[in-house]
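Okay, structure first, notes after.
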Amino acid sequence: MASYMSGATSDSVQCPVCSQDFTSDAINGHLDVCLLKRDADSGPPMKKFCSEAVPKPPAGDHHTAPSGVFSMFHSKKGKSSHQNETNSLFANKQAGGGAVNKGVKRSFPAEVQDEPKYSGTQMRNDEQTLNATPTSSLRALITSNKPLAETLRPNTMDEYFGQSKVVGEQTLLRSLLDCQEIPSLILWGPPGCGKTTLARIIASTNKKKGTARFVPLSATSASTAEVREVIKQAQNELRLCNRRTILFIDEIHRFNKSQQDTFLPHVECGTVTLIGATTENPSFQVNAALLSRCRVLVLEKLSVEAMGSILDRAVAALGITVLDRDQGSTKRSDEQVDGNEPRVYIEQKALDTIAYLCDGDARTGLNSLQLAVQAQVSLTQSGLTGPDGCTQEILVKEEHIKEGLQRSHILYDKAGEEHFNCISALHKSMRGSHENAALYWLGRMLEGGEDPLYVARRLVRFASEDVGMADPFALPQAVSAFQACHFIGMPECEVILAQCVIYLSRAAKSVDVYMAYKNVKACLRNHKGPLPPVPLHLRNAPTRLMKQLGCAKDYKYNPAFSAPVEQQYLPEELQGIDFFTWTPSER
């Protein structure tokens, strides 16, 4: 520390990070704060020091608090003067290229002095999201490497469409959001329905009022150590600044049960407010203990009307003119077209096609719009002006949209929730003898990439469970379909599965076999005491000893009699029971 001694006083020590002067008793505690801040600004959370307290400057020292540590300790005047001083020194350092002198305060970038940043993995709303205003450059947005869905991500609830049941004006979450009392949430919904966007809007609202900080992580890349480091920072933030931490975990189902247990005590005591996003059923993928501490919000697939509003906002932000499909007139945006950019038009029919084919996925819809416009803009190889010197006009048509999408975007996860939803719908449609619906659900599964052998196995099960003895030929039909699918494979075997589905839908139904065996299992499980022994006359007697014990004695061999034989086949305790009509409550 001797090399950093300030020339002002003999017992004053200069911080090597922020160049502030402190007493020798306070410098160690201050270094913890500075090192923690510097590591958070430079990259992902690593091994950081924990600050126990913020040291005060020595008496009579009029230096401002360390810049970039905690913004609440800055006054506006001191912050402004220090900003000008450090900017000037930073410019001199770049020009001269010399080392920093011992007595000269080091400068920091402007963003560090304005507000602390905590982790390199955190996504900054103001840096990654642009407001949907028509003043943005069309070429800059279209040619950007960033997807349009990310560029035009909403920042306010007014720009958030399609989830009025969850965040409408009169909903509980909306009222909690307005009063800054957000509980821990699990957002469950299909891809592109707005889970991440909703979490960022919640964070942005709290950030503007200074009541909470937002830390986003993804379970696909974050480790348990990284989560614990964020929780440690949240504890310090709550203790020192009385500011809560909103921890957003995308794809939270990717964490195993032991990793999810890391959040339990901290969510329960309020150290962090957890917002988890998942496309899988949280009942199966999220730890029950964690689930009980969170409120589950189910986000639905976006409707065609909601997708239309999202697309209208996108074309308005890009300054694209929409050609009315019905009247043939034009609906122009309020933007004054820049002469350095081409005039881009899009048919209303093309927007409608996106809204219908994206299957409620806003990400797919916006990125499809970006792809179609990019493709048409790239065709103007000779510049922005035509042969007559006028600005070129580009028209995006419906066929351009279809060419980019190729086919309807089918939402189907053959290892997730939609897999079980569709097979359940297929099974119930065949049980109800609705062959059209059964064919539809079969098509949803096969076109979505389902394994045909899985479907065939379920048809074999259905042949016994729901058709049973009403049509004994149903089981051979289903088994033959399974073997044919195994031999041929997709796509040729799809017609074989369709034939089997139609046969089972039209077949007579009987659940006698299924219910009778279900009653047998219930009888065995509910029996009190030891299970009854097999009657002696029903036992085999291959040895002399077993015969002497009475095995097979008085057994009547049925083929030896010309009429039905009266003898007991059930244990004594079960005499007279009929499993086809018996119910477990009768015993």
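The values are calculated or read from the model by the stated rules, or taken from the named source; none is laboratory data. Only a predicted model underlies this, so the values are computations on that prediction, with no experimental measurement involved. All Cβ positions, even for glycine, are placed from backbone atoms using ideal geometry, and neighbour counts span all protein chains on display. For accessibility, only protein heavy atoms count, side chains too; no ligands or nucleic acids. Shrake-Rupley method; radii C 1.70, N 1.55, O 1.52, S 1.80 Å.
What is the local net charge at Ser309, summed over the other residues whose Cβ is closer than 13 Å to its Cβ (Lys, Arg +1; Asp, Glu -1)?
That sum, taken over residues with Cβ under 13 Å, equals -4.
Between Lys208 and Leu291, what is the FRET efficiency for a Förster distance of 30 Å, r being their Cβ-Cβ separation, to the nearest 0.05?
With R0 = 30 Å, the Cβ-Cβ based efficiency is 0.50.
Return the long-range amide H neighbours of Val296 (sequence gap of 5 or more, or a different chain), with a cut-off of under 5 Å between placed amide H atoms.
Under 5 Å from the amide H of Val296 lie the amide H atoms of Ile186, each far enough along the sequence or on another chain.
Please report the base-10 log of the normalised intensity I(q)/I(0) for segment 463-587, using a Debye sum with one equal scatterer per alpha carbon and no solvent, at each q in 0.09, 0.19, 0.22 (1/Å).
One equal scatterer on each Cα of segment 463-587 leads to -0.50, -1.04, -1.17.
At a 1.4 Å probe radius, which order do Glu418, Glu450 fall into by accessible area, largest first?
Ranked list, largest accessible area first: Glu418, Glu450.
Mind grabbing the accessible area of Phe561 for me, 1.4 Å probe, Å², rounded to tens?
Here the accessible area works out near 100 Å².
Based on the alpha-carbon gyration tensor of segment 417-466 and its eigenvalue square roots a ≥ b ≥ c, which shape applies: rounded if a/c is under 1.5, prolate if not and a/b is larger than b/c, or oblate?
Verdict is oblate for segment 417-466.
Assuming 0.36 nm per residue, please report the length gained on full extension of the stretch Glu226 to Leu524 beyond their Cα-Cα distance.
This chain segment gains 102.2 nm when fully extended.
With labels modelled as points extended 7 Å from the Cα through the Cβ direction, what inter-label distance (nm, one decimal) is found for Arg243 paired with Ser433?
So the two model labels end up 6.8 nm from each other.
Compute the length gained on full extension between Val511 and Arg457: take 0.36 nm times their separation in residues and subtract their Cα-Cα distance, giving the result in nm to one decimal.
Going from the current span to full extension adds 17.6 nm.
Pop a pseudo-label 7 angstrom from the Cα along the beta-carbon direction at both Lys547 and Tyr440 and give the gap in nm to one decimal.
The modelled label-to-label distance comes out at 6.9 nm.
Need one word for segment 152-309: rounded, prolate or oblate. Basis is the Cα gyration tensor (sqrt eigenvalues a ≥ b ≥ c); a/c below 1.5 gives rounded, then a/b vs b/c decides.
It comes out oblate by the Cα gyration axes.
Which Cα, out of Pro452, Ala552, Cys500, lies furthest along the positive dipole direction of segment 436-560 (beta carbon charges, K/R +1, D/E -1)?
So the residue furthest toward the plus end is Ala552.
Cα gyration tensor of segment 444-501, axes a ≥ b ≥ c as square roots of the eigenvalues: rounded (a/c below 1.5), prolate (a/b > b/c) or oblate?
Verdict is prolate for segment 444-501.
Ignoring ligands and nucleic acids, what accessible area does Val534 show with a 1.4 Å probe (Å², nearest 10)?
Its heavy atoms expose roughly 80 Å² to the probe.
What do you get when you divide the Cα radius of gyration of segment 173-238 by 2.2 N^0.38 Å, with N the number of residues?
1.23
Each residue of segment 307-320 in order: what ³J(HN,Hα) in whole Hz does its phi give by Karplus 6.51 cos²θ - 1.76 cosθ + 1.60, θ = phi - 60°, with x for Gly and Pro?
Each residue of segment 307-320 in turn: 5, x, 5, 5, 5, 4, 5, 5, 5, 5, 5, 7, x, 8 Hz.
What would the Debye equation give as log₁₀ I(q)/I(0) for segment 397-508 at q = 0.14, 0.16 Å⁻¹, counting only Cα atoms as equal point scatterers?
Treating every Cα as an identical point scatterer, log10 I(q)/I(0) equals -0.56, -0.70.
Given the Cα-Cα distance of Asp158 and Leu176 and 0.36 nm per residue of separation, how much length would full extension add, in nm?
Gain on stretching Asp158 to Leu176: 4.9 nm.
About the Cα centre of segment 535-587, how large is the charge dipole given +1 on each Lys and Arg Cβ and -1 on each Asp and Glu Cβ? Please answer in debye to the nearest 20.
With Lys and Arg at +1 and Asp and Glu at -1, about 440 debye.
Mind checking the dipole of segment 206-281: about its Cα centre, +1 per Lys or Arg Cβ, -1 per Asp or Glu Cβ, Debye to the nearest 20?
Roughly 480 debye for segment 206-281.
Whole-Hz Karplus ³J(HN,Hα) for segment 487-502, in order, using 6.51 cos²θ - 1.76 cosθ + 1.60 and θ = phi - 60°, x for Gly and Pro?
6, 9, x, 7, x, 5, 7, 5, 6, 5, 5, 4, 4, 5, 5, 5
Rounded to the nearest 0.05, what FRET efficiency is calculated for Ala563 and Gln483 with R0 set to 41 Å and r the Cβ-Cβ distance?
According to the calculation, E is roughly 0.45.
Strictly greater than 17 Å: what percent of every Cα pair in segment 205-284 meets that?
44
Amide H to amide H, which residues 5 or more places from Ser218 or on other chains are under 5 Å from it, using H placed in the peptide plane?
Asp250
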